[in-house]
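Trainee: Right, I'll just put the structure down here and ask away after.
The values are calculated or read from the model by the stated rules, or taken from the named source; none is laboratory data. Predicted, not measured: the structure shown is a model, and the values here were computed from it. Cβ placement follows ideal geometry from the backbone for every residue including glycine, while neighbour counts extend to all protein chains displayed. SASA here: full protein model, heavy atoms, side chains in, ligands and nucleic acids out. Shrake-Rupley method; radii C 1.70, N 1.55, O 1.52, S 1.80 Å.
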Amino acid sequence: MLIEFSITNFLSFKDKVTFSMKASSDKTLKNNYVNIGSEKILKTTAFYGANASGKTNLFKILGIVNNMIKESNSLSPNASLPIIPFKLSKETINKPSEFEIKFIVDKIRYVYGFKADYKNVYEEYLFYYPNGRPVKIFIRKNINEYSFNSFYEKELNDIKTKNTKNKFFVSTATSWNFDKTKPAFDFLTEKLGVVLSHEQIKGYSNNLYFNDKTNSIKKFAINFLEKADFNINDYEIIEDKMTEEKMLNMPDIIKNLIPVNAPLYRVNTFHLVGKEKYRFDISEESLGTQTIFNFIPVIKDVLDNGKVIFIDEFDKSLHPFIVKYIIKIFNNPDLNKNGAQLIFNTHDTNLLDLGLLRRDQIWFTDKNYENAASDIYPLDDFSVRKEKNIEKDYLLGRYGAVPFIKEDLNNEE
């Protein structure tokens, strides 16, 4: 489970910001967090903020970190890293970015962090807490100066010669079968996922649907669709292949990404009206239906495997009741048994309900109008009584994180 992460000088974040999934002393909605040792970790969190305030950038940074670590071993020694510092300040534009993440794997706490720019990984470290106290696995400084736990020193001294200035040592050590870095590497690359576009998961979801040999996804999907009142009582996934003929009307950029004979999937849904069953191509369904159909196998995968998922614009094309239903699934201890976590950003103020989310589960992104840097903070920073109308107060600007609209649009100077 994710505990917290911090970002410094990365995209729109200039100064250090920290996002936390630690539950506060709030005694409400006890099902919305889990106890792991002495830690109380939240299952869901919602982000609110004006457009261009940094919500998407926050998620994008996690996606960049995820991909950099996953692809690190395939980099050539002089390849650039996709790290972009805060560009609107002369003091930061040429400085490295920093990132730190704290998480729990198999009830053991880990802390991983790095400092890097597009050329070099300057610093990197990994600690774990097998007995409640921090134990160093490795520390890297000045690009290629390493210190290791004495128990692993000989093995890691051999592995460090395989690393390069632009590669992450957590990736290199794991690829050389060092078992102490594997839990951290697996969490950062497999357990933590970022969805920046609903369309992004379409192929992944269809593949899960098609390979559902035990029908476990189908049972989950049909149950979800029926309870959420989508009037779909069955579906079928038909495998197809990409052909040169199908590529004729595609843009060149798409043609270059999809090889001939690549697997494609056609999706049909079935509606029961009276005793008659009617078939629809998925493209004939509403955008909201297509969106939730793509998300269903992802939600099941996250729940089954205790993953952490970040979703940008989660409410896009979805009714507020559907979004609430999904939040309730994650917060339900009978349905979320493996510590899965859902973090999303949204403009849907209907979710600002202290009967649904605790004060520590509502976060805001805001932009500093003096230096244009993004900031984040929780509702918990405010003295908010449970009976307060959070939605109304947010729209009135009492927590910040709303756009400043100039009313007189005809006033030209």
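Trainee: Looking at (1) 71, 55, 55; (2) 61, 45, 40; (3) 65, 63, 44, which value of Cα extents along the principal axes in Å comes from a calculation on the structure shown?
Mentor: Looking at Cα extents along the principal axes in Å for this model, the match is (1).
Trainee: Looking at the stretch 343-402, which trypsin sites (Lys or Arg not before Pro) are DSSP coil and have at most 10 other C-beta atoms within 10 Å of their C-beta? Present the calculation step by step, with values, prior to reporting the outcome.
Mentor: Details: sites: 358, 359, 367, 385, 386, 388, 392, 398; in loops: 358, 385, 386, 388, 398.
Loop-located and lightly packed - 385.
Trainee: Shifting gears a bit: Quick query: amide H of residue 13 versus all other amide H atoms, modeled in the peptide plane; which residues come in under 5 Å with a sequence gap of 5 or more or a different chain?
Mentor: 374
Trainee: While we're looking at this one, here's another question. Mind giving me the FRET efficiency for residue 304 and residue 95? R0 is 41 Å, r the Cβ-Cβ distance, nearest 0.05 is fine. Could you put the intermediate results ahead of the total?
Mentor: Numbers: r = 41 Å, r/R0 = 1.01.
So the FRET efficiency works out to roughly 0.50.
Trainee: Let me ask something additional. In the stretch 51-92, which residues have a backbone nitrogen under 17 Å from the label point lying 7 Å from residue 370's Cα in the Cα-to-Cβ direction?
Mentor: 88-92
Trainee: Give me the distance in nm between label points sitting 7 Å out from Cα along the Cα-to-Cβ direction at residue 71 and residue 154, one decimal.
Mentor: 3.8 nm
Trainee: While we're looking at this one, here's another question. With each pseudo-label sitting 7 Å past Cα toward Cβ, what's the residue 240-residue 197 distance in nm, one decimal?
Mentor: Reported label-point gap for residue 240 and residue 197 is 2.0 nm.
Trainee: Could you work out how much longer the chain between residue 316 and residue 229 gets when fully extended? Use 0.36 nm per residue separation minus the Cα distance between them, nm to one decimal.
Mentor: Numbers: separation 87, 0.36 × 87 = 31.32 nm, distance 1.80 nm.
Fully extending the segment from residue 316 to residue 229 adds 29.5 nm.
Trainee: I've got another one for you. Go through 276-283, 40-47, 224-231, 174-181 and give me the packing order, highest mean Cβ count within 10 Å leading.
Mentor: Ranked from most to least packed, the peptides come out as 40-47, 174-181, 224-231, 276-283.
Trainee: Could you work out the helix-only [θ] at 222 nm for the chain, with each DSSP H run of four or more residues adding -39,500 (n - 2.57) and the total divided by the number of residues, to the nearest 500 deg cm²/dmol?
Mentor: -7000 deg cm²/dmol
Trainee: In percent, how large is the relative contact order of the stretch 49-163, given Cα pairs closer than 8 Å and 6 or more residues apart?
Mentor: 13 percent
Trainee: Quote to one decimal, in nm, the extra length available between residue 182 and residue 24 on full extension: 0.36 nm per residue of separation minus the C-alpha distance between them.
Mentor: 53.8 nm
Trainee: Pull up all non-local amide H partners of residue 354: gap of 5 or more, or a different chain, and H-to-H distance under 5 Å with H placed in the peptide plane.
Mentor: 390
Trainee: Hey, another quick one. Quick check for you: with a 1.4 Å probe and neighbouring chains kept, what is the accessible area per residue of the chain, in Å²?
Mentor: Roughly 52 Å² per residue, with all protein chains present.
Trainee: Keeping the other protein chains in place, figure out the carbon and sulfur percent of the accessible area of the chain, with a 1.4 Å probe. Could you put the intermediate results ahead of the total?
Mentor: On the way: 10340 of 21300 Å².
With neighbouring chains kept in place, the figure for the chain is 49 percent.
Trainee: So, one more: If the cut-off is a Cα-Cα distance under 27 Å, which lysines reach residue 213, setting aside same-chain residues fewer than 8 apart in sequence?
Mentor: Of all the lysines, those that pass the test against residue 213 - Cα under 27 Å, at least 8 places apart if same chain - are 191, 202, 227, 241, 277, 300, 307, 337.
Trainee: Still on this structure: Normalising by the residue count of the chain, find the relative contact order in percent from Cα pairs under 8 Å and 6+ residues apart.
Mentor: Working: 736 pairs, mean separation 84.5, N = 413.
Worked out over the chain, it gives 20 percent.
Trainee: While we're looking at this one, here's another question. If you plug each phi of the stretch 119-127 into the Karplus form 6.51 cos²θ - 1.76 cosθ + 1.60 with θ = phi - 60°, what whole-Hz ³J(HN,Hα) values come out, in order, with x for Gly and Pro?
Mentor: With coefficients 6.51, -1.76 and 1.60, one gets 9, 9, 9, 7, 9, 6, 7, 8, 10 Hz.
Trainee: Between residue 36 and residue 78, what's the calculated FRET efficiency when r is the beta-carbon distance and R0 is 30 Å? Round to 0.05.
Mentor: Plugging the Cβ-Cβ distance into 1/(1 + (r/R0)^6) gives 0.10.
Trainee: Residues in the stretch 202-238 near a label at residue 277, defined as backbone nitrogen under 11 Å from the 7 Å Cα→Cβ point?
Mentor: 233-236
Trainee: Karplus couplings for the stretch 164-171 from phi (6.51 cos²θ - 1.76 cosθ + 1.60, θ = phi - 60°), rounded to Hz, Gly and Pro as x?
Mentor: For the stretch 164-171, the Karplus curve yields 10, 4, 9, 10, 8, 5, 4, 6 Hz.
Trainee: Further, regarding this structure: How about the stretch 361-390: which chymotrypsin sites (Phe, Trp or Tyr not before Pro) there are in a DSSP loop, with at most 12 other Cβ atoms within 10 Å of their Cβ?
Mentor: Details: sites: 363, 364, 369, 382; in loops: 369, 382.
Those satisfying the criteria are 369.
Trainee: Cα atoms only: what Rg and Dmax, in Å, come out for the stretch 86-169?
Mentor: So, for the stretch 86-169, Rg and Dmax equal 14.7, 45 Å respectively.
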